[in-house]
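Just so you know, all these numbers are worked out from the coordinates, no wet-lab data involved. Just so it is clear, the model here is predicted, and its values are computed rather than measured. Cβ sites come from the backbone with ideal geometry, for glycine too, and all protein chains shown count toward neighbours.
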Amino acid sequence: MLTIVDVGLSAASTAGISRAFSNLPRSRCAGAHLAGAGQGCYFRSPVLPTATAAVLTGSGVTTRDNEDMVHGSEETVAFRLWPPVAIGAPLLVGWLATLLWGEPVDLGVWRVPLAWALVLFFVGWNGWSLWLFGRRETGLLPGQATHAMIEQGPYRLSRNPLYVGLLALYLGLALLAPTFWGLVLFPAAVLLVLWGAIRPEERFLHQRFGVPYDNYTRRVRRWL
């Protein structure tokens, strides 16, 4: 079904516009992500003088969710709290608490090799994830549009591998410092990133990709 959202066009020209859109090659659907049946294809016609948008769906019904997916404001995640801040703030508070009150527990020499193992895990794991973002040319930083779902590499094991890596880095740095209070506040970092980043992302991706994302959440865990 073809739904035309027109600005300043007469009803008489609707048929001509429909023919113009039907004659456009598939490559004209720039920036579209066809994730499956019912997902939207959005484009602006280069041959029309007025701003005209079309939503082309693979099913017989165009839902409000499908329409929302294609608007520019709906292509980016609205974080409650930026992930590095959500994870870094408790570590900073723990480090300051160590400076003020000292370490009530001696963590021992075992902490150093474990800490470096966690840091190396972060470098390899997150580096792999970031490489996949670049390969798929989809948004990573706040404000960048999300064009595709990634299900390869670390995303086969975790829906949030970047956050898993950042939390591993948190533990590694807390052990290297060392800061016992930073380790005590680790659950706060987990809860903050869950509330500030993961929950908003999950709602966004459900609206953006629909059924394919829902199927992905059933196959892959949120963490590991």
Would you please give the FRET efficiency between residue 206 and residue 89, computed as 1/(1 + (r/R0)^6) with r the Cβ-Cβ distance and R0 = 25 Å, to the nearest 0.05? 0.35
With each pseudo-label sitting 7 Å past Cα toward Cβ, what's the residue 103-residue 131 distance in nm, one decimal? 3.5 nm
Sorted from fewest to most neighbouring beta carbons within 10 Å, what does the list 122, 79 look like? 79, 122
Extended-chain gain in nm, criterion 0.36 nm per residue less alpha-carbon gap, residue 184 and residue 148: 9.3 nm
Going by C-beta contacts inside 10 Å, put 87, 198 in order with the fewest on the left. 198, 87
Running Debye on region 83-219 with equal point scatterers at the Cα sites and no solvent, what base-10 log of I(q)/I(0) appears at q = 0.10 Å⁻¹? -0.39
